[in-house]
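Student: Here you go, one structure.
The values are calculated or read from the model by the stated rules, or taken from the named source; none is laboratory data. This is a predicted model, so every value here is computed, not measured. As a convention, Cβ positions derive from the backbone with ideal geometry for all residues, glycine included, and neighbour counts pool all protein chains shown. Protein only, heavy atoms only, side chains kept; ligands, DNA and RNA dropped before computing areas. Shrake-Rupley method; radii C 1.70, N 1.55, O 1.52, S 1.80 Å.
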2 protein chains.
Amino acid sequence: MDSKIFNLKSKLEVYKAMTNGGNFADCPVRDVIQGINGKWSSLLVMALAEKPYRFGELRRLVPDISQRMLTQTLFDLQRDGYVHREVFPTKPPSVEYSLTDLGRSMFLPLQQLVQWAELNHDAVREARKAFDARI
Amino acid sequence: MDSKIFNLKSKLEVYKAMTNGGNFADCPVRDVIQGINGKWSSLLVMALAEKPYRFGELRRLVPDISQRMLTQTLFDLQRDGYVHREVFPTKPPSVEYSLTDLGRSMFLPLQQLVQWAELNHDAVREARKAFDARI
DNA sequence: TAGCGCTGGTCTCTTTTTGAGACCATCCGT
DNA sequence: ACGGATGGTCTCAAAAAGAGACCAGCGCTA
């Protein structure tokens, strides 16, 4: 019925989806978008899309994330079903994080957003420079 | 060279784009993603994709945004070149917000993310319920 | 056997971001 | 003269994020 790429909805339909047809208090789509909207969520998903990583590896891979936010973002991603967390009984115990099927299914749309950003970041920087000059 | 939908990059390439090949301090892609990652940014872009709106219309359209955040989010979107702001010399003056070409070009990738969210929000809610039950 | 580093975290404190709501000047219609 | 509509700004409280200390358990090595 819905192939992933073609058969796209109209602008109005998409907006309705994001507003739950007017019921703002409980809109599942915005709720889900919020979850992957966090500062670190998408970055970690993209990292784990390549291969599973351990906690310390992720910390070294993304040096500007605090340990606190890494813990919490991974926890949230796990709660939403995007990430699987497995503890191995080594000494000291090591913990491996990997994407679930649900998490993997997010890769494609996320990738398109990243590619858009890659194609357009020059335009954005130009716009900012021009805007700041007028202020 | 890069058609929008096909010819996608590998997972590793996408991750490299998000990390600027290791230079985390100044990664344009993450910078741009951050900009549209805000709590209200994508929602407003999707609303304006349908048609231009005035400030008050947007406020009524998205009742759970505070006036302060509406002002600020629109300001940021304008600064990044996604939104055009035009003041009409009516009394009192009215202000119309519309998407620029750059803003419109964001619609497609954003739409795919929204559709993904629409298709998968059930799975996410299930995952959360299951996870919370174990805690 | 005393220190040291590695594992994956938690706890506390400070700074930043967001939200709620009052306030504002101006004009219009009545 | 007054209420409503325009698009904001200002202040203060709450929530989220960042920085960095701390922790237990084990292995290694001096």
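Student: Hey, could you check segment A:26-56 for residues that are of a type in the set (D, E, K, R) and within 26 Å of B:Val62 (Cα to Cα) and say which is least open to solvent (accessible area, probe 1.4 Å)?
Tutor: Only one residue fits best here, namely A:Arg30.
Student: Sort through A:Asn23, A:Asn7 and tell me the only one that's over 13 Å from the mean Cα position of the chain (by Cα), at positive phi and either modelled with pLDDT of 95 or more or more than 12 Å from DNA strand C (Cβ to nearest atom) (or both).
Tutor: Being over 13 Å from the mean Cα position of the chain (by Cα), at positive phi and either modelled with pLDDT of 95 or more or more than 12 Å from DNA strand C (Cβ to nearest atom) (or both) holds for just one of A:Asn23, A:Asn7, which is A:Asn7.
Student: Take the residues in segment B:95-114 that are among the hydrophobic types (A, V, I, L, M, F, W, C) and over 10 Å from B:Val45 (Cβ atoms), then tell me which one is farthest from the other protein chains (Cβ to nearest Cβ).
Tutor: This residue is B:Val95.
Student: So B:Val83 ticks every box in (1) under 12 Å from the mean Cα position of the chain (by Cα); (2) within 14 Å of DNA strand C (Cβ to nearest atom); (3) of a type outside the set (Gly, Ala, Ser) but one. Which box is left unticked?
Tutor: Tallying (1) under 12 Å from the mean Cα position of the chain (by Cα); (2) within 14 Å of DNA strand C (Cβ to nearest atom); (3) of a type outside the set (Gly, Ala, Ser), B:Val83 fails exactly one: (2).
Student: Can you tell which of A:Leu61, A:Leu99 is out of contact with any Ser or Thr (no Cβ under 6 Å at 6 or more places or on another chain), on the phi < 0 side of the Ramachandran plot, in contact (Cβ under 8 Å) with a residue 40 or more places away in the chain and hydrophobic (A, V, I, L, M, F, W, C)?
Tutor: Only one candidate qualifies: A:Leu99.
Student: Within segment A:48-57, count every residue that is among the hydrophobic types (A, V, I, L, M, F, W, C) and either at pLDDT below 95 or more than 16 Å from DNA strand D (Cβ to nearest atom) (or both).
Tutor: Final tally of qualifying residues: 2.
Student: Another one. Just name the residue that is modelled with the lowest pLDDT out of those in segment A:65-90 that are within 13 Å of DNA strand D (Cβ to nearest atom) and open to solvent by 70 Å² or more (accessible area, probe 1.4 Å).
Tutor: The residue in question is A:Pro89.
Student: Quick check on segment A:59-78: of everything there that is of a type outside the set (Val, Ile, Thr) and more than 23 Å from B:Asn20 (Cβ to Cβ), which residue is nearest to the other protein chains (Cβ to nearest Cβ)?
Tutor: Checked segment A:59-78; the qualifying residue nearest to the other protein chains (Cβ to nearest Cβ) is A:Gln78.
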